[in-house]
Amino acid sequence: LTGAAVDFNYSNEQVALRETLQRFISRDYDFERRRELARSPLGFSAEAWSRYAELGFLSLPFPEECGGLGGNSVDTMLVMEMVGRGLLLEPYLSSIVLGGGLLRDSGSDSIKRQMLPRIAAGECKMALACYEAAGRYDLSQVACTAARSGDGWRLSGRKTVVLDAPSADYFLVSARSGGNLRDEHGISVFLIGRETAGLTLFAYPTQSGGRAADVRLADVTLAPGALIGAAGEGLGLLERAVDKGIAALCAEAVGIIAALNEATLNYLKTRKQFGVPIGKFQALQHRMADMLIAAEQSRSMAIFAAVYADSEDARERRRAVSGAKAYVGQAARLVGQQAVQMHGAMGVVDELIVSHYFKRLTMIDLTLGDVDFQLGRFSRLL
Amino acid sequence: VDLKYTSEEEAFRAGVRAFIEAELPADIRAKMGLGKRLQKDDLTRWQKILHAHGWGAVMWPARFGGTGWNVVQQHIFEEERADIGAPPQNAFSLKMLAPVLMTFANPAQQDYFLPRILAGEDWWCQGYSEPGAGSDLASLRTGAVRQGDHYLVNGQKTWNTLGQYADWIFCLVRTSSEGRPQQGISFLLIDMKSPGITLRPITMLDGEHEINEIWFDNVQVPVQNLVGDENKGWTDAKFLLTHERTNNAGIGSCTRALKKLKQIAARETANGRPLLEETRFRDRIAQVELELMALEITNLRVLSATADESRALGPEVSVLKIKGSEIQQTIAELQMQALGPDALPYLREALEMDWVADPSFAEHYRPYAPPLTGQYFNMRKTTIYAGSTEIQKNIISQLILGL
């Protein structure tokens, strides 16, 4: 961190925020409850979502004039760390960080006034539909078309693995209004209501307990006001929103890493074999030490990502979030795999939280760009 | 040194291949190819087909009804089996219990049990681990008390694989609490239909039912089901584990999985090109291929050395087990990673043969995709079961290095 004096202290409000979430998780969101929710049709708790709204988590990153608390990405980091620790299934990333964040940063004043208060109140949930088949993590691979239709637009195409789509009330969808398949220019972003004619979902659960869908758009007709930002210049908006999402995922991973390390340390101290706690074996002690180092280094990178996620300098922002996700992804792989390994067979059963943490870490790596993708993006900016 | 197969061996390979190609039922082959769930019937059907051809046990000596093949022939069979996509045979019966029976059981036990294994009539599972006895297996507590012509067995086994299919279970039980923990253990064969046995499924992290807990509540076991001498079962147990670990090298399966990984990477795209052309990903494939090439030769070296010296397999199998399990895990991880965001959907029903993808989904979601993430999760077990990597390294440290 350069420039101003380094300060790693959280404000009283931030500390209170974290403690509130911690209390909520221990009282109302234990592992058994979470398992039930993951199996329920909705896949998360509507009650919890209302509770987050009451507690101000949903309004946290939005400007005060839109009913928000004016928080930044460091505040989001604190929430997401707890989302990780509690393995919370509610669509915080999709609705607040990605969807709400994109509207906050790039929506017109009227859209913001119309949408953000409802998002902050938990009345309206968002999903970001920005990836397509065979596009992997490339936001510029957009085959979905947006053609002018009267004074509005007509969209056709498919978006794949849209996180939290089944519960979303609105979608932010990237479509091509000009240029060729992988051109950076010619991409536009549209706000589309769930009930819009021509929009259909194929929904499924995800490997870490959430929900997602493939979204099909068949001649979806939109009013001019559905366009977010300037026509053809949508890539920048998407990248900015996704970069903040990446910082948030780093924080979620850090929350899980910390929780897994605690669980593993506890197991090393209590599980006895050969007459002693297995934590007495030096081979396991050293591995646990490596996991502690990985946790500390990851936390540093998550802070780095959160601080620079809000940077107006796109290059600086990209470097920070991609570097952090590449780093945290590798640390998460180490911690996840070794936490399972040191739990022995207890690590590979569904009835213990360890395997659920491990699966979520694995899916975080594959969301919004994996280690290879982010390392490549960081390398190009060396 | 000669790493080329002789013309006789190549002819043998062609014969093996022709047979499997011709006789492997198409439905089983399709399930294997797409990573679908296999049922007990699929596995026993294949065992019976092999048995009818005299190939029910390619690793057994001829005097017990095996093929009597040498290690190179066995290796060739395993390579061809895996490459074509025939299911592996029940290792618990054929590769773990059978060597114990051949070495330690009495003729009556051999005559009864071995032919039934060969013919696919009995499915065997393993009763080794207990909640308090995992890596420290010798601390096991399931007790067997002699009462006239039978033992009364009480206790609990866990991490039992596919016990829901089993007709029989081979168990380590405590028959004495005197002396060192290893000294009071006996090796007992128990009919799964015996009154007093309860099996509880344990769901694994991939959502599948593969393992179980098993309770024994006053289960009566005839004394003639004791293998070897009472209180000397630890010898049989260790002998069996050595065999188990050799099988865990899984070279044939790794070779097939690696081939599949390359096919997946050639079909998936990144930056508008096949993922296989992305250096960062391609090098990871190259790295695991090198590990596998080395292991294949190490495996043959170990097997030929033991054959040449006419001795039993020793602690060197720990090297094979560690490397083989890690390679399986790495390949499974790369297969999942190759999918990118398509690794996220969890489609349990897609593991059944009759699953038809929703058309809008099928356009982008490849038929090979649904099982891959679960397979990665599932493969974490390989460095834990059959003696964890940590235990294998202890064996290397103590028995090979003398530390």
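The listed residues are A:LEU60, A:LEU69, A:LEU17, A:LEU98, and the only one of them that is in contact with a Gly (Cβ under 7 Å, 6 or more places away or on another chain) and assigned to a helix (DSSP H, G or I) turns out to be A:LEU98. What tally of residues in segment B:257-275 results from selecting those that are among the aliphatic types (A, V, I, L, M) and farther than 18 Å from B:TYR365 by Cα? Count: 2.
For segment A:331-369, taking the residues that are more than 18 Å from the chain's Cα centre (by Cα) and outside any helix (DSSP H, G or I), the one that is nearest to the other protein chains (Cβ to nearest Cβ) is identified as A:ASP350.
The number of residues in segment A:97-137 that are touching a Phe, Trp or Tyr at 6+ places or on another chain (Cβ under 8 Å) and either within 15 Å of A:LEU172 (Cα to Cα) or charged (D, E, K, R) (or both) comes to 14. Of the residues that make up segment B:37-60, is at least one in a helix (DSSP H, G or I) and under 16 Å from B:PHE239 (Cβ atoms)? Taking every residue of segment B:37-60 in turn, none turns out to be in a helix (DSSP H, G or I) and under 16 Å from B:PHE239 (Cβ atoms). Restricting attention to segment B:308-341 and to residues that are touching a residue at least 60 places away in the same chain (Cβ under 8 Å) and over 22 Å from the mean Cα position of the chain (by Cα), the residue that is nearest to the other protein chains (Cβ to nearest Cβ) turns out to be B:GLY340.
Does any residue of segment A:264-282 turn out to be in contact with a helix residue (DSSP H, G or I) (Cβ under 6 Å, 6 or more places away or on another chain), within 14 Å of another protein chain (Cβ to nearest Cβ) and under 23 Å from A:ALA146 (Cβ atoms)? No, segment A:264-282 has no match at all. Consider B:VAL1 carefully, then state whether it is among the hydrophobic types (A, V, I, L, M, F, W, C) and assigned to a helix (DSSP H, G or I). Answer is no for this residue. Of the numbered criteria (1) without any contact (Cβ under 8 Å) to a residue 40 or more places away in the chain; (2) away from chain B (no Cβ under 14 Å), the one A:VAL254 fails is (1). Of the strands (runs of 3 or more DSSP E) that lie entirely inside segment B:82-175, those containing 1 or more residues that are within 14 Å of another protein chain (Cβ to nearest Cβ) span B:124-127, B:150-161. Within segment A:15-44, residues that are more than 18 Å from A:GLU81 (Cβ to Cβ) have Cβ atoms under 7 Å from residues that are among the basic types (Lys, Arg) and modelled with pLDDT of 95 or more in these pairs: A:GLY43/A:ARG211, counting only partners at least 6 apart in sequence or on another chain. Can you find a residue that is buried (at least 22 other Cβ atoms within 10 Å of the Cβ), of a type in the set (Phe, Trp, Tyr) and farther than 27 Å from A:MET363 by Cα anywhere in segment A:144-158? Yes, segment A:144-158 contains a residue that is buried (at least 22 other Cβ atoms within 10 Å of the Cβ), of a type in the set (Phe, Trp, Tyr) and farther than 27 Å from A:MET363 by Cα. Can you tell me which residues in segment A:370-381 are more than 9 Å from chain B (Cβ to nearest Cβ) and buried (at least 19 other Cβ atoms within 10 Å of the Cβ)? Correct list: A:GLN374, A:ARG377, A:PHE378. Scanning segment A:146-157 for residues that are of a type outside the set (Ser, Thr, Tyr) and away from chain B (no Cβ under 14 Å) turns up A:ALA146, A:ALA147, A:ARG148, A:GLY150, A:ASP151, A:GLY152, A:TRP153, A:ARG154, A:LEU155. For residues that are among the aliphatic types (A, V, I, L, M), part of a helix (DSSP H, G or I) and closer than 17 Å to B:PHE77 by Cα, tally how many sit in segment B:18-31. The qualifying residues number 3. Among the residues of segment B:342-379, those that are assigned to a loop (DSSP other than H, G, I, E, B), closer than 20 Å to B:THR255 by Cα and in contact (Cβ under 8 Å) with a residue 40 or more places away in the chain comprise B:TYR368, B:PRO371. Screening segment A:213-239 for residues that are closer than 18 Å to A:GLY101 by Cβ and not in a strand (DSSP E or B) and picking the one that is farthest from the other protein chains (Cβ to nearest Cβ) gives A:GLY229.
Residue-level check: of (1) modelled with pLDDT of 95 or more; (2) of a type in the set (S, T, N, Q); (3) in contact with a Phe, Trp or Tyr (Cβ under 9 Å, 6 or more places away or on another chain); (4) over 30 Å from A:ARG35 (Cβ atoms), B:ASN212 misses just (4).
Taking the criterion of being more than 11 Å from chain B (Cβ to nearest Cβ) and under 18 Å from the mean Cα position of the chain (by Cα), the residues of segment A:108-145 that qualify are A:ILE119, A:ALA120, A:GLY122, A:CYS124, A:LYS125, A:MET126, A:ALA127, A:LEU128, A:ALA129, A:LEU139. Is it the case that B:ASP191 is at pLDDT 95 or above, buried (at least 16 other Cβ atoms within 10 Å of the Cβ) and within 14 Å of chain A (Cβ to nearest Cβ)? It is false that B:ASP191 is at pLDDT 95 or above, buried (at least 16 other Cβ atoms within 10 Å of the Cβ) and within 14 Å of chain A (Cβ to nearest Cβ). Just one of the numbered conditions (1) of a type in the set (Lys, Arg); (2) surrounded by fewer than 19 Cβ atoms within 10 Å (Cβ to Cβ); (3) assigned to a strand (DSSP E or B) is not true of A:LYS269; which one? With (1) of a type in the set (Lys, Arg); (2) surrounded by fewer than 19 Cβ atoms within 10 Å (Cβ to Cβ); (3) assigned to a strand (DSSP E or B) applied to A:LYS269, the lone miss is (3).
Scanning segment A:325-369 for residues that are surrounded by 21 or more Cβ atoms within 10 Å (Cβ to Cβ) and within 17 Å of A:ALA305 (Cα to Cα) yields A:LYS325, A:ALA326, A:TYR327, A:VAL328, A:GLY329, A:ALA331, A:ALA332, A:ILE364, A:ASP365, A:THR367, A:LEU368, A:GLY369. Out of A:ARG136, A:ARG113, one residue alone is of a type in the set (Lys, Arg), crowded, with 21+ Cβ neighbours inside 10 Å and in contact (Cβ under 8 Å) with a residue 24 or more places away in the chain. It is A:ARG136.
Candidates in segment A:158-168 are the residues that are outside any strand (DSSP E or B) and within 14 Å of another protein chain (Cβ to nearest Cβ); of these, the one that is nearest to the chain's Cα centre (by Cα) is A:ASP164.
With A:ALA326, A:ALA314, A:ALA320, A:ALA306 as the choices, which residue is among the aliphatic types (A, V, I, L, M) and within 12 Å of chain B (Cβ to nearest Cβ)?
None of the other options fit; the residue is A:ALA326.
If you go through segment B:348-364 and pick out every residue that is within 13 Å of chain A (Cβ to nearest Cβ) and either farther than 21 Å from A:SER208 by Cβ or among the aromatic types (Phe, Trp, Tyr) (or both), you end up with 9. Residues in segment A:131-149 that are modelled with pLDDT of 95 or more, in a loop (DSSP other than H, G, I, E, B) and over 13 Å from A:ILE187 (Cβ atoms): A:ARG136, A:TYR137.
Out of all the residues in segment A:169-190, which are part of a loop (DSSP other than H, G, I, E, B) and either within 14 Å of chain B (Cβ to nearest Cβ) or within 19 Å of B:GLY272 (Cβ to Cβ) (or both)?
Of everything in segment A:169-190, those that are part of a loop (DSSP other than H, G, I, E, B) and either within 14 Å of chain B (Cβ to nearest Cβ) or within 19 Å of B:GLY272 (Cβ to Cβ) (or both) turn out to be A:GLY178, A:GLY179, A:ASN180, A:LEU181, A:ARG182, A:ASP183, A:GLU184, A:HIS185, A:GLY186.
Output the residues belonging to segment A:124-160 that are in contact with a Lys or Arg (Cβ under 9 Å, 6 or more places away or on another chain) and acidic (Asp, Glu). Correct list: A:GLU132, A:ASP138.
The values are calculated or read from the model by the stated rules, or taken from the named source; none is laboratory data. Since we're looking at a predicted model, the values are computed, not measured. All Cβ positions, even for glycine, are placed from backbone atoms using ideal geometry, and neighbour counts span all protein chains on display.
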